[in-house]
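A.B. asks: My questions all concern the structure below.
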Amino acid sequence: MAGSTLDKSPRGSYAYSMATDLIIIGGGPAGYAAAIRAAQLGKKVVCIEKERVGGTCLNWGCIPTKALLESAEMFRKMVQGAKAYGVNVQEVTADWDAMVARSRAVSDRLCSGIEFLFKKHGIERLQGTASIPAPGVVEITASDGTISQLQASKILIATGARTRDIPAFPMDGTRIIGSKQALTLPRVPSSMLVIGSGAIGSEFSYVYSCLGCKITLVEALPNLLPNEDDEVSKTMERAFKKRGITCLVGAKVESVSSSESGVKAHITRPGKPDTDVEAEVCLVAVGVVPVVPDVRGLQLTERGFVQVNDRYETNLPGVYAAGDCIGGVMLAHAASYEAVQAVEGMFLPGATPKKPTLVPGCTYCHPQVASIGKRERELKQAGIAYKVGKFPFQAIGRAVAAGETEGFVKLLFGSEHGELLGAHIVGEGATELIATPQLGISAELTDEDLHAAIFAHPTLSEAIHEATLAADGIPIHA
Ligand code: NAD
């Protein structure tokens, strides 16, 4: 039977009655993408979300952060750069309240967009906290305490992840904060200690530094953005230092305490004396942990993620999971991909779901950072022979005209066959430019294929062409 019906909960009343093919728990990039794809396949879908659809990405993550970044970037350009471009500006001030209001409005607009798409596709949206007391059964507790039960042969857990709590950094939401509070602080603090230089730490360091906040960014590993290519990280560090951000790398924050006036952190550095850093506010950006709903008998990995097989099935019959709650690459675009794959595996006869193997990473500070495929250190470790093509934006006409000459494009090709293996970009437009090498790797293009392509002039993308030529020692503009 495709779908089934509602049961009255032994513990309360019920509110819904429908034949449901798929119940999705969580309305973020995994949950809403799964809902839409299943509806496209003609399935009756219910999506249960305890807050607003859109998940962390649209409500408190990617989207509102990018809106704030745009405000900060515009302010920085007006203050620091306008004159050099022949634009005289009399007085420029940053209106933080208006910036936050714009960021919230952007978030609201995109969440409304998902609500509209749900209506368009006939997806039922229920508000509440879901649990799975038995396979095929979902219990929903609404905010007023009403409990209802819904049944379907397929259930997808897409509950995402949340900020990691570290007892040594006791977050109180005002002095010691997470990324959510960083989006809506009542004012720009005079100083901020940022723990962790992953995407969250780096992006907020940049936003707040543009607005005059004195940032100390502390990273336990030897490089900022330690997941990225080493040369990219070094370029980032130089750019951040130039902007007045104090970067402490290879430095571990051991503890943070707060008082009426601010925060104090104790930092250890191998081979160097310990140090204390004081600031008005501390942003904790040391990663996330999975959110797992209450599901009887659900098997988790050692690190607490939902365990799934190649088809995104958990150990419970008919119960699937996708997105940040299963671990792997914890990014919105990977979550949506996994969810769509899981749904197609459930409902498309003969479909073999795939796992995300080629996922672009993007960090939206200035300079931007983007990467895809293999890093140089991975190729070295694996003993794969490769050649490098690197080209600086300072030799690209469009970048010079834009006054954005920081950074480079670095491409890695297999030595023997010239296949594109990895791309690492730091600089203006990096997060858009990465799509070209991404398609290049997917399509198994070689250096010669890229040599043969004509890139528009003058564009930043010429740096990709030049980096390809540089890999074979024949760049035109260097
Ligand atoms: P992260 O795991 O990417 O980075 C955390 C960093 O904190 C690491 O580099 C780690 O070495 C460092 N760290 C941990 N403990 C420390 C300590 N005691 N002292 C100093 N440094 C310490 O986590 P994040 O930046 O919090 O991001 C969380 C998740 O959200 C990630 O999966 C990230 O990819 C995702 N995200 C992505 C984007 C984007 O793609 N632009 C933006 C925001 C968040």
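The values are calculated or read from the model by the stated rules, or taken from the named source; none is laboratory data. Source: prediction; values computed, not measured. For neighbour counting, all protein chains shown are included, and Cβ atoms are generated from backbone atoms with ideal geometry for every residue, glycine included. Note: areas computed on protein heavy atoms with side chains; ligands, DNA, RNA excluded. Shrake-Rupley method; radii C 1.70, N 1.55, O 1.52, S 1.80 Å.
A.B. asks: Assigning unit charges at the beta carbon (Lys, Arg +1; Asp, Glu -1) and nothing else, what dipole magnitude in debye, to the nearest 20, does region 358-456 show about its Cα centre?
C.D. replies: Computed charge dipole of region 358-456: roughly 300 debye.
A.B. asks: Once R0 is set to 25 Å, what does the formula 1/(1 + (r/R0)^6) return for the Cβ-Cβ distance between ILE476 and GLU416, expressed as a FRET efficiency to the nearest 0.05?
C.D. replies: With R0 = 25 Å, the Cβ-Cβ based efficiency is 0.50.
A.B. asks: With a point put 7 Å past each Cα toward its Cβ, work out how far ALA134 is from ALA443 in nm, to one decimal.
C.D. replies: Simple spin-label model gives 5.4 nm for this pair.
A.B. asks: Would you work out the relative contact order for the chain, in percent, from Cα pairs under 8 angstrom that are 6 or more residues apart?
C.D. replies: For the chain, the relative contact order is 14 percent.
A.B. asks: Can you pull the accessible area of TYR320 for me, 1.4 Å probe, Å² to the nearest 10?
C.D. replies: The accessible area comes out at roughly 20 Å².
A.B. asks: Something else now. Which listed residue (GLY397, PRO353, ALA385) has the Cα farthest towards the positive end of the charge dipole for region 323-408, taking +1 on Lys and Arg C-beta and -1 on Asp and Glu C-beta about the Cα centre?
C.D. replies: Selected residue: ALA385.
A.B. asks: Follow-up question, since we're still on this one. Round to the nearest 10 and give me the degree value, 0 to 90, for the angle of helix 96-120's Cα axis relative to the longest principal axis of the chain.
C.D. replies: The angle comes out at about 40 degrees.
A.B. asks: Compute for region 101-260: radius of gyration divided by Kirkwood radius, i.e. Rg/Rh, restricted to C-alpha atoms, rounded to two decimals.
C.D. replies: Reported Rg/Rh, Kirkwood definition of Rh: 1.08.
A.B. asks: Follow-up. Rounded if a/c is under 1.5, else prolate if a/b is larger than b/c, else oblate: which is region 411-478, with a ≥ b ≥ c the root eigenvalues of its Cα gyration tensor?
C.D. replies: Cα axes put region 411-478 in the oblate bin.
A.B. asks: Could you give me the percent of Cα pairs per 5 Å distance bin for region 176-286, shortest bin first, beginning at zero and ending with the bin that holds the maximum distance?
C.D. replies: Histogram of Cα-Cα distances, whole percents per bin: 2, 13, 25, 26, 20, 10, 3, 1, 0.
A.B. asks: Near the amide H of ILE176, under 5 Å away, which other amide H atoms are found, from residues 5 or more places off or on another chain, if H is placed in the peptide plane?
C.D. replies: Those lying under 5 Å, H to H, from ILE176 are CYS282.
A.B. asks: Region 18-89: D in µm²/s via Stokes-Einstein (Kirkwood Rh, Cα pairs, 10 °C, 1.306 mPa s)?
C.D. replies: Taking Rh from Cα pairs, D becomes 106 µm²/s.
A.B. asks: What number comes out for the charge environment of ASP447, summing +1 per Lys or Arg and -1 per Asp or Glu over other residues with Cβ under 10 Å away?
C.D. replies: Taking every Cβ under 10 Å from that of ASP447, the sum is -3.
A.B. asks: Can you compute the helix-only [θ] at 222 nm over the chain? Use -39500 (n - 2.57) per DSSP H run of at least 4 residues, normalise by all residues, nearest 500 deg cm²/dmol.
C.D. replies: -9000 deg cm²/dmol
A.B. asks: Right, next: Counting only protein heavy atoms and using a 1.4 Å probe, what share of the accessible area of the chain belongs to carbon plus sulfur, as a whole percent?
C.D. replies: Answer for the chain: carbon and sulfur cover 52 percent of the accessible area.
A.B. asks: Over the chain, how many percent of alpha carbon pairs lie in each 20 Å bin up to the one with the longest distance?
C.D. replies: Values per bin, smallest distances first: 22, 50, 27, 1.
A.B. asks: I've got another one for you. Can you tell me the orientation of helix 199-210 relative to the chain, as the angle in degrees between its alpha-carbon axis and the longest Cα principal axis, to the nearest 10?
C.D. replies: Once rounded, the angle reads 50 degrees.
A.B. asks: Taking 8 Å as the Cα distance limit and 6 or more residues as the minimum spacing, I'd like the relative contact order of region 367-471 as a percentage.
C.D. replies: 34
A.B. asks: How many angstrom lie between the C-alpha centres of region 46-81 and region 462-478?
C.D. replies: Between the Cα centres of region 46-81 and region 462-478 lies a distance of 35 Å.
A.B. asks: Report the FRET efficiency, 1/(1 + (r/R0)^6), for ILE384 and THR174, where r is their Cβ-Cβ distance and R0 is 60 Å, rounded to 0.05.
C.D. replies: Efficiency for this residue pair is about 0.75.
A.B. asks: With each label point set 7 Å from Cα along the Cα-Cβ vector, what nm distance links LYS272 and THR146?
C.D. replies: 5.8
A.B. asks: Using the charge dipole of the chain (Lys, Arg: +1 at Cβ; Asp, Glu: -1 at Cβ; taken about the Cα centre), state which of ILE215, ILE464, GLY86 has its Cα farthest towards the positive end.
C.D. replies: Among ILE215, ILE464, GLY86, the one farthest towards the positive end of the dipole of the chain is ILE215.
A.B. asks: To continue, here is another question. Measure off 7 Å from each Cα along the Cα-to-Cβ vector at LYS214 and ALA101, then give the distance between these two points in nanometres to one decimal.
C.D. replies: The two pseudo-label positions are separated by 3.1 nm.
A.B. asks: While we're on this one: Return, for the Cα atoms of region 367-471, the radius of gyration and Dmax in Å, separated by a comma.
C.D. replies: Computed over the Cα atoms of region 367-471, radius of gyration and Dmax are 12.9, 41 Å.
A.B. asks: Something else now. At 0.36 nm per residue, and after removing the present C-alpha to C-alpha distance, how many nm does the segment from ILE454 to TYR85 gain when stretched out fully?
C.D. replies: Length gained, ILE454 through TYR85: 129.8 nm.
A.B. asks: What number comes out for accessible area per residue over the chain if the probe is 1.4 Å? Units Å², please.
C.D. replies: Computed with neighbouring chains in place, this is 46 Å² per residue.
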